[in-house]
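Working notes, structure below.
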Amino acid sequence: MKKEVKKVLLLGSGALKIGEAGEFDYSGTQALKALREENIFTVLINPNIATVQTSEGMADKIYFLPVTPFFVEKVIEKERPDGILLAFGGQTALNCGITLYKTGVLQKYKIDVLGTPVQAIINTEDRELFVRKLAEIEVKTPRSMAVSSPEEAAGAARTLGYPVIVRSAYALGGLGSGFSSNEEEIKILTRKSFAYSGQVLVEESLKGWKEVEYEVVRDAYDNCITVCNMENFDPLGIHTGESIVVAPSQTLTNREYHKLRELSIRIIRHIGIVGECNVQYALDPNSEDYRVIEVNARLSRSSALASKATGYPLAFVAAKLALGYGLFELKNSVTRVTSAFFEPALDYVVCKIPRWDLEKFHGVSREIGSSMKSVGEVMAIGRTFEEAIQKGLRMIGQGMHGFVGNKDIEDIIIEKELAVPTDMRIFVIAMALYKGYSIDQIFSLTSIDRWFLEKLKNIFDLRTELMSFNSPEELPDHLLLRAKQLGFSDFQIARFVIKSDRSRITEDLLHVRSYRKNRGIVPFVKQIDTLAAEYPAQTNYLYLTYNGDEHDLDFQQDKNESVIVLGSGAYRIGSSVEFDWCGVNALDAIKEEGYHSIMINYNPETVSTDYDMCDRLYFEELSFERVMDIIELESPMGVIVSTGGQIPNTLSMRLHEQKVKILGTSPISIDTAENRHKFSAMLDKLGIDQPRWKELTALEDIYHFTEEVGFPVIVRPSYVLSGAAMNIVSNRSELEHFLEMAVLVSKQHPVVVSKFIEDSKEIEMDAVARDGEIICYAISEHVEFAGVHSGDATMLFPPQKIYVETVRRIKRISRLIAEYLKISGPFNIQFLAKDNDVMVIECNLRASRSFPFISKVLKTNFINIATRIMLGRPINSPDKSLFDLDYVGVKASQFSFTRLQKADPVLGVEMVSTGEVGCIGDNYYEAILKAMLSVGYTIPSKAVLFSSGPTRSKIELLNSARMLQEKGLTIYATGGTHDFFNKNGVISEMLHWPGDNRSPDVLDYLQNKKIDLVINIPKDLSKGELDNDYRIRRTAVDLNIPLITNARLASAFIYSVCKVDLEDIGIISWEEYK
Amino acid sequence: MTHRKNVKILLEDGHEFNGFSFGGTDSAAGEVVFNTSMTGYPENLTDPSYKGQILVATYPLIGNYGVPEVPVESGLFSPFESGKVQISGLIISDYSSKYSHWNAAKSLSDWLTEHNIPGVCGVDTRKLTRIIREKGTMLGKIIIDRDIAFYDPNKDNIVSQVSINNRQIYGDGRIRILLIDFGAKNNIIRCLVKRGTTVYRVPWDFRFDPADFDGIVLSNGPGDPKMCRETIDTTRKIIQGDTPTFGICLGSQIMALAAGADTYKLKYGHRSQNQPVLMTGTNRCFITSQNHGYAVNPDTLPADWTSFFVNLNDNTCEGIRHKYKPFLSVQFHPEASAGPVDTEFLFDDFLDMVKQKTR
């Protein structure tokens, strides 16, 4: 019953942000592949240029435009698709689709919504409709009552039974919300709540209940399956994106499992989903009672996880179902003989762990709760829970070695941290065990099911047992094997048995490794085959375990015929989908050159971990130990470390020492670029300028050096110091204040101080070289001056405003460096340019974050070229030069400050953006405007607030303000800016600072939505917390009012807004830019 | 945990596995089969269809939620499928000695000890499963201290060992259902009783007049259906009449044999909760729970009979029905337990036939 559609529009999810990340690249990519198989013409709208889905050969036409109703309608008008898919681009695509439906656009252009009907989606999104809909089929949702006074609240609580949750409607940041366990508490709490809001909801508390999810699939024939269920390690109250999650459920009996499964099917049928949905439950830990928390009528983060955890290609199948196929008509793409209508049986356990980057943000609370703050996740596979969780804790990549064997967490009150969880929760449990807490005590503080706690205690107990030995040789084989079966790394064993300190650990873990191999204690490779070995499978989806004694594969053949690509690990700030794109493109080139491609990666949100991207996928750790295990089994021709960001790059030297063949640039050169001292010496030798810097270990030396070079300086404390990140300091008092925070300056914890060059341009060179000769390159320029991290900066390619002489110098320096380091493969150099002076600030001998952006704008795949070079194959040197382009690419950053309560939304030398977009325009202004609209900015139509900081930014913004005024917008300004504008002929209305308590107050104007763009430039480059500027910025973010904190970007944006009319923006696909 | 006794598993083809003992401490022999369920070990272990078999769980983590208290629910043990542990031995990978669940009363190990059934953990169950998948189901034994002979349950009439000895009655509904017990799972009775019937559960070789009942259910059970000669004869008489009859699992095979069709042994059977079936002639598919080592050869069905369900993975016969008379049967378990409850509606369909007949 296939539907007759010829041209389908797919909406992507835009830039990566907290809550909407790489999982939608996976789902969109699978959907496009499914459509391609049906010979359907595909049109994709997604401004996220670093994704795999926006690559050549994925969609027939790609638009790097904002996923907003305005632009989507424009594309529809031009392309006239006959079908649209809304379920593959997260909430962004879904919301956009609902609007297009409600405004009649879809109807007007006669577009068929493929898959779940829009009304069904609305029924799951609207809370009231949702509750009513589920009540019709006798499915329970949390009981809640709306009240309008503290007395009514108390009455409602009596009906529902204490404890209850009080939620005040429409109040920001959870003000006036909380738990109440008795009448007195609820009256006190609701008195506060009513101060913020006229309506308050009293809801039954399900705190401590288990949280369980099901991924459900339904076809147009009403056939249903549940692909997977998952259980949260953390009880209800912690967002599932913040929770450790296991698949399948571990503590549910058959009755519970199938009761919830049956409910899921009842729900999907009643709502009328065609495709995939996710149902979240709360399950009483003391009975079989349950509540449905949420239904997501689209592919989600959980469905990506379920897909990777089971091997079932959920998004691919969902796309086929949207076209009208029945599940029974599709094949299981893993076994290729059995049907897609089945439910995977796992013979392993999967553990997902979130990755946070909270230390990057100033002022943000580290507590985890009902809103999501994590920026990425890892998935670990094992045949014991202990094995899976220890792997996973190493994968998150924050210096942890597993559940035990980590550095002590200092200054914590265990009891409090157990009860009020933070991002360190699981390590606090380890601390608690160490301090002698019982399982019952930990359970009563955390409500984490005792089964999980007992398993963690198994790890802890084994650690204790290991401690009683002093060398690997003393360890009985069965104990050593047991340790490996419980997921202990060689590092952990060295630490516990040999009691190695930092200086000897590398050597000692190699000793453990060779001893263990001598004793025959090695891991085995198992397949993920969706059917627990019931049917033979073609799958190349693999993991390693010590809980087994046979490989599923034969490793005797294929020597030297494969190439291993190391992936990029968990998405984090500074490393995300762009490295997935690099990895996927490296795999493609390897296949094209006739080698077997092997990927090692553990991030379930990626395309590189999809079942059909490479010849063998190891869903495994990127640790030295595990990578060596795989290399020893596979005997590859070589290993590529330069397309996965920093993690593989860091491994290169250690692999090299084990005589592993690293393809491309020599690890010795990589080390030269990575090591500050060696790199600096090299630049001196080559006569290349660099900002002055020194590594210092005493306070007096720091003061002495700063006097010598002059303020401002960048201070980088040793990473072990928490609370004091890298910063720019402009004067002596700021430096003193900063060093006070970083009290531990010492020989072990040095501080690097370098001269900061103000008002200088930052320019990047992305290039590929062969044997030291540059084969292709792209130079791009930052809109912002130096001082904004390159990952947060807005990038222009080709550069629009740099001197020809500067370009010449940059090329010359790059050539010198490439030649000296004999680079073969991708690399990136960052430059500072002021006037025509050019300095080098950083050099990475690997692909950089901007490789997909420049590759796509230039239409020259740098990774493909780099990979061929690394494989030693001939290449055709591309003949394009950057000056040939008749268009401009702009890369803009996406920030997720709204999700990070209390964080100061200001930019600095530490990266804080979570994602990016890349748009193409006929000119600079059009490209900037497209990019800024793609990351959530809107065009101001009423009024703009200026609070413009230091004099030079006031000057920078004066013309912008004038242009806005001429356009008829109202200009509001704070004191100093108001005076400056007035003196220079721009009329503005003055608003008082928040602290002044005078009317008109700036915060009032924001709250009353009288302002639709806020330009707030911090006074100086240091971060004053909780000051007036902060309050303006934070209020703007909380109220979802666009905010810009950099004068150059603000001026670029305002110029664009004033020079380009929205209606005139070109609706031009990537292919059409020639 | 490290002080557990080492035990050996020996397969008839010579493969050997080493593991650690939990539960009972006597050696055991039987037919080694694997089940891919991820939950439901108390239900599976008490399923009489496993009589004579050593069960391998492919899901590695077993024992997590212990074993529940045994309350008596309408005369039946809940949540168990019979009054005792039916398997001969259990082989798993990772045993959870610490369990956690609100309704758990004891550990899996203690429960197996009570029933004197040996458990083995620390085994590469995936490797073992792959051997069975490639070579077919085979005999095996768990050796603890004392070696014993191999034992083939398919050469015995093991139905006689798991069927009840005397007639039992459940429920007090108007409709009278005769349940012929070949090792019936309790949930079949629960499914019938909760639909307002009185269930007369009788031994496998019970003699009766079909006309005395409104409907007949042929239950599931262990082993080779051809070993139940008396019942095949009885069933032949049933299908000469017109009393609505519903066969489940072994009951389905017996119905086919009675109709004149043939059955055969599958290479390694279907034992899992994720078996997809298609209702023949429709687009309706269901996920089912299954536990059988034999199947009906649909090509041998007489002209009056037709396929009812077919397996989507390997196209084997998953049920048959008579074209004109109210006889139907399924190879899977509509009563689930353990497993998905998608096909419980078949009890309604059957009882609709019964009601039509009695109206």
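The values are calculated or read from the model by the stated rules, or taken from the named source; none is laboratory data. What you are looking at is a predicted structure, and each value in this text was computed from that prediction instead of being measured. Positions of Cβ are generated from backbone atoms using ideal geometry, with glycine treated the same way; all protein chains shown enter the neighbour counts.
Per-structure values
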| quantity | calculated |
| --- | --- |
| Set A:A388, A:A430, A:A419: member being among the hydrophobic types (A, V, I, L, M, F, W, C), in contact (Cβ under 8 Å) with a residue 24 or more places away in the chain, on the phi < 0 side of the Ramachandran plot and surrounded by fewer than 17 Cβ atoms within 10 Å (Cβ to Cβ) | A:A419 |
| Sole residue being in the same structural domain as B:N187 (by TED's automatic domain parsing) and without any contact (Cβ under 8 Å) to a residue 12 or more places away in the chain, chosen from B:T300, B:T243, B:T282 | B:T282 |
| Residues (in a helix (DSSP H, G or I) and surrounded by 24 or more Cβ atoms within 10 Å (Cβ to Cβ)) located in the range A:73-93 | A:G90, A:A93 |
| Members of the range B:254-272 that are crowded, with 21+ Cβ neighbours inside 10 Å and either charged (D, E, K, R) or within 11 Å of another protein chain (Cβ to nearest Cβ) (or both) | B:G269, B:H270, B:R271, B:S272 |
| Considering residues of the range A:238-259 that are among the hydroxyl-bearing types (S, T, Y), facing chain B (nearest Cβ under 8 Å) and part of a loop (DSSP other than H, G, I, E, B) only, the residue nearest to A:V227 (Cα to Cα) | A:S249 |
| Test set (1) surrounded by fewer than 20 Cβ atoms within 10 Å (Cβ to Cβ); (2) aliphatic (A, V, I, L, M); (3) away from chain B (no Cβ under 14 Å) - A:L393 fails condition number | (1) |
| Qualifying positions in the range A:179-224 - crowded, with 22+ Cβ neighbours inside 10 Å and out of contact with any strand residue (DSSP E or B) (no Cβ under 8 Å at 6 or more places or on another chain) | A:D219 |
| Sole residue being surrounded by 24 or more Cβ atoms within 10 Å (Cβ to Cβ), at pLDDT below 95 and of a type in the set (D, E), chosen from B:E69, B:E73, B:E81 | B:E81 |
| Looking only at the range A:219-237, and only at residues there that are farther than 16 Å from A:V350 by Cβ and aliphatic (A, V, I, L, M), the one that is farthest from the other protein chains (Cβ to nearest Cβ) | A:L236 |
| Some residue of the range A:1007-1014 being of a type in the set (D, E) and either farther than 18 Å from A:P950 by Cα or within 36 Å of the chain's Cα centre (by Cα) (or both) | yes |
| Answer from A:L633, A:L683 - the residue that is surrounded by 15 or more Cβ atoms within 10 Å (Cβ to Cβ), over 26 Å from A:A833 (Cβ atoms) and not β-branched (V, I, T) | A:L633 |
| Conditions (1) of a type outside the set (S, T, Y); (2) at pLDDT 90 or above; (3) over 32 Å from the mean Cα position of the chain (by Cα): number failed by A:A698 | (2) |
| Residue, modelled with the lowest pLDDT, within the range A:330-352, restricted to residues that are more than 9 Å from chain B (Cβ to nearest Cβ) and more than 31 Å from the chain's Cα centre (by Cα) | A:R336 |
| Those helices (runs of 4 or more DSSP H) lying entirely in the range A:441-550 with at least 3 residues in contact (Cβ under 8 Å) with a residue 12 or more places away in the chain and away from every other protein chain (no Cβ under 12 Å) | A:450-467, A:490-493, A:505-518 |
| Residue within the range B:345-354 that is in contact with a helix residue (DSSP H, G or I) (Cβ under 8 Å, 6 or more places away or on another chain) and farther than 25 Å from B:G173 by Cβ present | no |
| So B:S82, is it of a type in the set (S, T, N, Q) and either closer than 18 Å to B:Y151 by Cβ or not assigned by TED's automatic domain parsing to the domain that holds B:E43 (or both) | no |
| Helices (runs of 4 or more DSSP H) wholly inside the range A:648-719 containing at least 1 residues that are over 24 Å from A:G908 (Cβ atoms) and in contact with a strand residue (DSSP E or B) (Cβ under 7 Å, 6 or more places away or on another chain) | A:667-674, A:676-686 |
| The range B:273-314 - residue that is more than 16 Å from B:I248 (Cβ to Cβ) and among the hydroxyl-bearing types (S, T, Y) and, of those, nearest to the other protein chains (Cβ to nearest Cβ) | B:T282 |
| Extreme residue, surrounded by the most Cβ atoms within 10 Å (Cβ to Cβ), among residues of the range B:318-349 that are more than 14 Å from every other protein chain (Cβ to nearest Cβ) and assigned to a loop (DSSP other than H, G, I, E, B) | B:Q331 |
| Where a residue in the range B:40-60 is within 14 Å of chain A (Cβ to nearest Cβ) and crowded, with 24+ Cβ neighbours inside 10 Å and its partner, wherever it lies, is of a type in the set (D, E, K, R) and in a strand (DSSP E or B), with Cβ under 6 Å and at least six apart | B:P60/B:D94 |
| All positions within the range A:275-285 that are within 29 Å of the chain's Cα centre (by Cα) and surrounded by 22 or more Cβ atoms within 10 Å (Cβ to Cβ) | A:G275, A:E276, A:C277, A:N278, A:V279, A:Y281, A:A282 |
| Count - residues of the range A:551-570 that are part of a loop (DSSP other than H, G, I, E, B), touching a helix residue (DSSP H, G or I) at 6+ places or on another chain (Cβ under 7 Å) and on the phi < 0 side of the Ramachandran plot | 4 |
| The lone exception for A:D580 - which of (1) in contact with a Lys or Arg (Cβ under 9 Å, 6 or more places away or on another chain); (2) within 18 Å of A:N649 (Cβ to Cβ) it fails | (1) |
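Each row is one residue, and each column tells you yes or no for (1) within 30 Å of A:I396 (Cβ to Cβ); (2) touching a residue at least 24 places away in the same chain (Cβ under 8 Å).
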site	(1), (2)
A:A135	no, no
A:G155	no, no
A:S168	no, yes
A:R191	no, yes
A:G208	yes, yes
A:I225	no, yes
A:L236	yes, yes
A:T240	yes, yes
A:V245	yes, yes
